[in-house]
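Right, one structure below, let's go through it.
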Amino acid sequence: MNLEEFTRFAQSQGFKCLPNGVFGTYRGYPLAASFKDRAGGIAVVSLSVAGKARGKLVREVKKALPRGCTFVLAAAGRYTLTCAAGGEGLDRNFISAMNTVVSAFREANLVPEEKCPVCRQECCNATALMNGAYVKVHKDCVEQMSAGTMARAEQAMQGNYVTGFIGALLGGLVGALPAVFCLVILNYYVALLYALIPLGANYGYRLFKGKLNKGAFVCTLFSSIVNLFTEAFLMGYVQLSAMLLEAGRELPTFGYAVRFMTENSDYMTEHLIMAVIFLALGIWIVWGQIRRTAVHDVRDAGAVLSSMVVNGEAPVNAAPSGDGPGGPDLA
């Protein structure tokens, strides 16, 4: 089965087919699916339910699934069903596997969440892709949330680079303090703490209303590098101060501290090399967050709207691309 054949099959089941995936409801359970064009076709289905499952639920379902299909607990309340073509074909395996999963859910009293993730109220009248899961929602809540996100994104694009960069410097400085204290007190380099430098810089850039485009990422990186040297100076200053106070002398002036660090440049160079390595690891840890711009917010809001199916309305389909369901960060 190829992508076009899978799309026709999904449409025959009443699912909504979009470039970023297939969305719909099967026997009352909302699902999001993607298609992988290999080994005769593979469908990866994501389902989200409320309630606490028995520990052996996944094992029982796996035993009852058609050959080539797997079932795993991806996160709390979220399950992933993978269906391969197998001997019966992908369409028949999909139906058989979904019937097995839904029957197991019902037997375990695992039902779809009835509360809208936006307003936390019941009586939902639609389904939509929210936070990577296809769930029940209120049509008005989704439309208002998406409109608000787009309005904020448009306003963020009118920001100011200067104030944003000042905020990034201040935010990065605050983010550098935990790494300094950990190094001075415990003599440990912790990559997770160095991740706070770019994270704080990005938050400061946003807080000071910097223009939220690709320039935000550039300012975040540059201010992180600047604050890396600030972190090195603070670390050296704190250690020098502790040494002088222990000797009964006063706190060092800025000039004295600079001269002392210059004369002990070998030690500072060694520290900077280690700090650069850990900052690189920290940036890698928060890469997805500091790369986000207003364009991403608009894209995610659009993905939520396009995936929404109102109860009683026929889904409007689009040309598929084979890409899996996206995971908008909207809540």
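The values are calculated or read from the model by the stated rules, or taken from the named source; none is laboratory data. Values in this document were obtained by computation on a predicted structure and should not be read as measured data. For neighbour counting, all protein chains shown are included, and Cβ atoms are generated from backbone atoms with ideal geometry for every residue, glycine included. Protein only, heavy atoms only, side chains kept; ligands, DNA and RNA dropped before computing areas. Shrake-Rupley method; radii C 1.70, N 1.55, O 1.52, S 1.80 Å.
So here's what we get for this one:
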| read-out | value |
| --- | --- |
| For the chain: accessible area per residue (Å², 1.4 Å) | 52 |
| 5 angstrom amide H check on N125, placed H, neighbours 5+ away | V137, H138, K139 |
| In order through region 23-33: 3J(HN,Hα) via Karplus (6.51 cos²θ - 1.76 cosθ + 1.60), integer Hz, x for Gly, Pro | 9, x, 10, 10, 6, x, 10, x, 9, 10, 9 |
| Whole-percent carbon and sulfur share, accessible surface of region 22-87, 1.4 Å | 53 |
| Relative packing of peptides 144-151, 254-261 - highest average C-beta neighbours within 10 Å first | 144-151, 254-261 |
| Gain on full stretching of the segment that runs from E88 to R8 - 0.36 nm per residue minus C-alpha separation | 27.1 nm |
| Helix runs (DSSP H) in the chain reaching 30 Å along axis by Cα, Kyte-Doolittle at least -1.0 | 161-186, 214-246 |
| Volume of the Cα convex hull of region 90-247, divided per residue and given in Å³ | 223 |
| Whichever aspartates and glutamates have a C-alpha closer than 17 Å to that of K209, once near sequence neighbours (fewer than 8 apart) are set aside | E154, D297 |
| J(HN,Hα) series, region 122-127, from Karplus relation 6.51 cos²θ - 1.76 cosθ + 1.60, nearest Hz, glycine and proline x | 8, 6, 5, 10, 7, 10 |
| Calculated FRET efficiency for the pair F233/R291, C-beta based, R₀ 22 Å, to 0.05 | 0.20 |
| Structure-derived Cα Rg over 2.2 N^0.38 Å - corresponding label in (i) 0.97; (ii) 1.06; (iii) 1.32 | (iii) |
| Radius, Kirkwood style, for region 211-309 when every pair of distinct Cα atoms is counted (Å) | 16.7 |
| Inter-label distance, nm, simple model (7 Å from Cα along the C-beta direction), K36/Q121 | 4.2 |
| Lysine-lysine proximity count for region 12-92, Cα under 26 Å, sequence distance 8 or more or distinct chains | 5 |
| Computed magnitude of the charge dipole of the chain (debye, nearest 20; Cβ of K, R +1, Cβ of D, E -1) | 840 |
| Projected label distance in nm at L73 and A147, using a 7 Å step from Cα toward the beta-carbon | 4.1 |
